[in-house]
1. Below 8 Å between Cα atoms, with a sequence gap of 6+, how large is the relative contact order for the chain in percent?
2. Give, as ranges by residue number, the residues of the range 89-132 whose backbone N falls under 11 Å from the point 7 Å along Cα→Cβ of residue 79.
3. Taking the solvent-accessible surface of protein heavy atoms with a 1.4 Å probe, what is the per residue accessible area of the chain in Å²?
4. Just the Cα atoms of the range 83-132: what Rg and Dmax do they give in Å?
5. At 7 Å along the Cα-to-beta-carbon direction for both residue 70 and residue 13, put a label point, then send me their distance in nm to one decimal.
6. Just by accessible area at a 1.4 angstrom probe, what is the order of 16, 10, 113 from largest to smallest?
7. Of all the accessible heavy-atom surface of the chain, with the other protein chains kept in place and a 1.4 Å probe, what percent is carbon and sulfur?
8. Students often forget the sequence filter, so: which aspartates and glutamates lie under 17 Å Cα-Cα from residue 82 once same-chain residues fewer than 8 apart are removed?
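The values are calculated or read from the model by the stated rules, or taken from the named source; none is laboratory data. Given the structure is predicted, the values throughout are model-derived calculations rather than measurements. Here Cβ is always computed from backbone atoms with ideal geometry, including for glycine, and neighbour counts include all displayed protein chains. Ligands, DNA and RNA are stripped out before the accessible areas are found, and what is left, the full protein with its side chains, is counted by its heavy atoms. Shrake-Rupley method; radii C 1.70, N 1.55, O 1.52, S 1.80 Å.
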Amino acid sequence: MEEIIKEIAELLDIQEVVFLHKKTHEILAYPIADGPTDEEFDYIEQEVMEVINADPDSYIRFDPLNSRESFQMMEDFVETIKNVRLRDRLIDALSIKKPFRSFRNAIQSEEIEDDWYAYKDAYLQMYVRDRL
């Protein structure tokens, strides 16, 4: 089951809506269109939803984190930082215009991307476990 949890978390991270069959553990997913409607995304979504709608009670749906939840995840990460200067820098990044971009720039310049991605992976896996 751990591999399934990891796979679902990875799909959520790239902004896919995921469905897990309760018995077979088959995973179905489709990407959320970014901006104008993408016909390829619509087609994938339609195919997935045809399967889901045929037996909706057999699937658990997982939605990617919304902006508020993603922001909360970043705030939670900042709380794990022991270095006061670094923690303050990340807090500042989250409190200015375009906090997502500012946060990404800060973790890159401070070279803590690996720490952030490990935290994010663990956070998303816990999110999936909580839904199960």
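1. Normalised by residue count, the contact order of the chain is 26 percent.
2. none
3. 65 Å²
4. Final numbers for Rg and Dmax: 12.7, 38 Å.
5. If labels sit at residue 70 and residue 13, their model points lie 1.4 nm apart.
6. Final ranking, largest accessible area leading: 10, 113, 16.
7. Values: 4070 of 8600 Å².
It is 47 percent, rounded to a whole number.
8. Cross-link targets: 92, 110, 111, 113, 114, 115.
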